[in-house]
Amino acid sequence: MLKATIDYLTFELLKLNPASPLGQSVNFFIYDSIKILLLLLIVTNLMSLIRYYLPLEKIRDFLSTNKLHGLEYFLAAGFGAITPFCSCSSIPLFIGFLGAGIPLGVTLAFLITSPLVNEVGLALFIGLFGWKITIIYAVSGIIIGVSGGYILGKLKLEKYVASFVRETKINQAAVKTTAKKSIRQIAKIIWQEAQGIIVKILPYILAGVAIGAIIHGYVPHGYFEKYLGKENFWAVPLAVILAVPLYSDHSGIIPIIKVLIDKGIPLGTAMAFMMATVGLSLPEAMILKKIMRWQLLTTFFGVVTLGIIILGYLFNLIIF
């Protein structure tokens, strides 16, 4: 129904030629913008509801124990997956976790997963790629976080963390106490948080969809395929390297990735490019340089980069 309505608006009311690049671009922009915003309204409200009832202090204290026998990596990655942070905005919470005494590898599992998997990205994925690809992507992001955090934890790199981070102690007895709220008050809080997230990322969504619309309408099919096609063995690492200087979250990059896939780039190569864009960036590296010495920083980026490249190749092999 939505597609038919947008087609009528674009080609009947606006009188744009369906076969023209302009007509295809405008149709793509309006349709994808509305579809993505509808999905975001649903998913962000749902995740805000979950976060409202999450006992964050207890989660932090639970991860600080040494009795979980490896499960803490999965819990940290899972927590990263439900927090709406980009690679840079995850860092303050990362510092807080270290200050609370949570092991370095566990905190890095959170830091890796948080920008790779979040509700905004999953909402966009569902709308543009369907449930199958969304689930595979989410699981892959968590796997990178868990395995990367575990490897980095075993390398005993704590000595390369800036001393001020360890000195940033958090009062673990400071648990929020709030009066019992009515359903209406809770709904208002949840709506305000969801609305705040949407308003914050809306410009990036529209910019990403606009770029995707231009590519969709004006770039010939197969243009990118000859450089980043499956037959080019170096396509996946090349895509990751090209992505590092960029900085975007899912809202800005996923609409572009969808169009690149439509233009012939293999799914695994496109996913590797997207993961590197949201999970590895120069701004993140510049911030982390204040927290980590170069030995830890380069190892962190190296492990995450390797994980993304491996998953990119796997995507190309198993998904058609």
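The values are calculated or read from the model by the stated rules, or taken from the named source; none is laboratory data. It should be emphasised that the depicted structure is a prediction, and the values quoted were computed from it without experimental measurement. Every residue, glycine as well, gets a Cβ built from its backbone with ideal geometry; the counts of neighbours run over all protein chains shown. For the accessible areas, the whole protein counts, side chains as well, though only heavy atoms, and no ligand, DNA or RNA atoms are used. Shrake-Rupley method; radii C 1.70, N 1.55, O 1.52, S 1.80 Å.
Data for the structure
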quantity	calculated
Neighbours by Cβ (under 8 Å, 6+ apart or cross-chain): first from region 291-303, in contact (Cβ under 8 Å) with a residue 12 or more places away in the chain and polar (S, T, N, Q); second open to solvent by 10 Å² or more (accessible area, probe 1.4 Å) and not in a loop (DSSP other than H, G, I, E, B)	GLN295/TYR160
LYS156 being in a loop (DSSP other than H, G, I, E, B) and at pLDDT 85 or above	yes
Selection within region 116-143 - free of Cβ contacts under 8 Å to residues at least 24 places away in the same chain and either under 15 Å from ALA76 (Cα atoms) or under 11 Å from the mean Cα position of the chain (by Cα) (or both)	VAL139
Residues that are surrounded by fewer than 24 Cβ atoms within 10 Å (Cβ to Cβ) and modelled with pLDDT under 75, drawn from region 233-251	VAL244, PRO245, LEU246, TYR247, SER248
Filter result (basic (Lys, Arg), at pLDDT below 70 and surrounded by 13 or more Cβ atoms within 10 Å (Cβ to Cβ)) within region 19-73	ARG51, ARG60
